[in-house]
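So the structure is just underneath, and the comments pick up after that.
The values are calculated or read from the model by the stated rules, or taken from the named source; none is laboratory data. What you see is a predicted model, and the numbers here were worked out from it, not measured in a lab. Quick reminder, even Gly has a Cβ in these numbers, built from the backbone with ideal geometry, and neighbours come from all protein chains shown. For accessibility, only protein heavy atoms count, side chains too; no ligands or nucleic acids. Shrake-Rupley method; radii C 1.70, N 1.55, O 1.52, S 1.80 Å.
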Amino acid sequence: MKKIFLVLLATVMMAGAGTVSAQSPDQAFGIGASIGWYGNGGHLVYAISPAIHVGTQFGLLISDGSTQLTFAPYGKFLFKGTKELKPFLIGQFAIQSNSATNVTSATSTGLTFGGGAEYFITSNFGIFAQIAVLSIPFNTGSVVSFGIATPAIGAEWFF
């Protein structure tokens with residue numbers, strides 16, 4: 001995970017050395033892919049304005065006889081920043097279904113809040129890094145977590 005983050009950071013820094021002058025998209029649909037937070041997956045996104053994006057993440061993780069499906073709608077508020085680099089806050093509601101061989105299936109739900117930054121290489125393509133700061137599970141016996149131990153990285157393409 002550290003290597004992926006370093007590669008992403010180096011890409012952002014090299015892209016910033018050019019004369020590209022992009023900004024966050026406005027009233028545009030997009031698709032994306034990310035790793036972290038709720039596993040690997042893709043997402044659909046709509047830029048309501050350059051400052052407000054809404055979307056949903058879909059994830060599928062299959063390993064060692066277990067399957068995890070994720071559906072996680074989110075809202076993202078992007079701050080002004082520079083034309084290319086936009087810090088943001090994100091809130092996400094997640095529903096996860098876990099099943100394993102010879103084990104009862106379980107569904108979990110909860111809210112996650114975090115922050116990060118997105119670098120728009122063009123107005124149609126951005127890469128982002130984010131961290132979860134607060135996770136509030138709704139399942140009985142689950143505990144609220146606070147900290148910065150859950151990073152995620154990804155990319156978005158707007159049409």
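Which residues, counting only those in segment 70-105, are at pLDDT 85 or above, of a type in the set (A, V, I, L, M), open to solvent by 70 Å² or more (accessible area, probe 1.4 Å) and out of contact with any Gly (no Cβ under 6 Å at 6 or more places or on another chain)?
Listed by number, the list holds a single entry, Leu85.
Listed here are the residues, each with its yes/no results for (1) among the basic types (Lys, Arg); (2) open to solvent by less than 80 Å² (accessible area, probe 1.4 Å); (3) not in a strand (DSSP E or B).
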| residue | (1), (2), (3) |
| --- | --- |
| Thr112 | no, yes, no |
| Glu118 | no, yes, no |
| Phe128 | no, yes, no |
| Ile131 | no, yes, no |
| Gly141 | no, yes, yes |
| Phe146 | no, no, no |
| Ala152 | no, yes, no |
| Trp157 | no, no, no |
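If Ser34 passes every condition in (1) at pLDDT below 95; (2) open to solvent by 40 Å² or more (accessible area, probe 1.4 Å); (3) not basic (Lys, Arg) but one, which one does it miss?
Going through (1) at pLDDT below 95; (2) open to solvent by 40 Å² or more (accessible area, probe 1.4 Å); (3) not basic (Lys, Arg) one by one, Ser34 breaks only (2).
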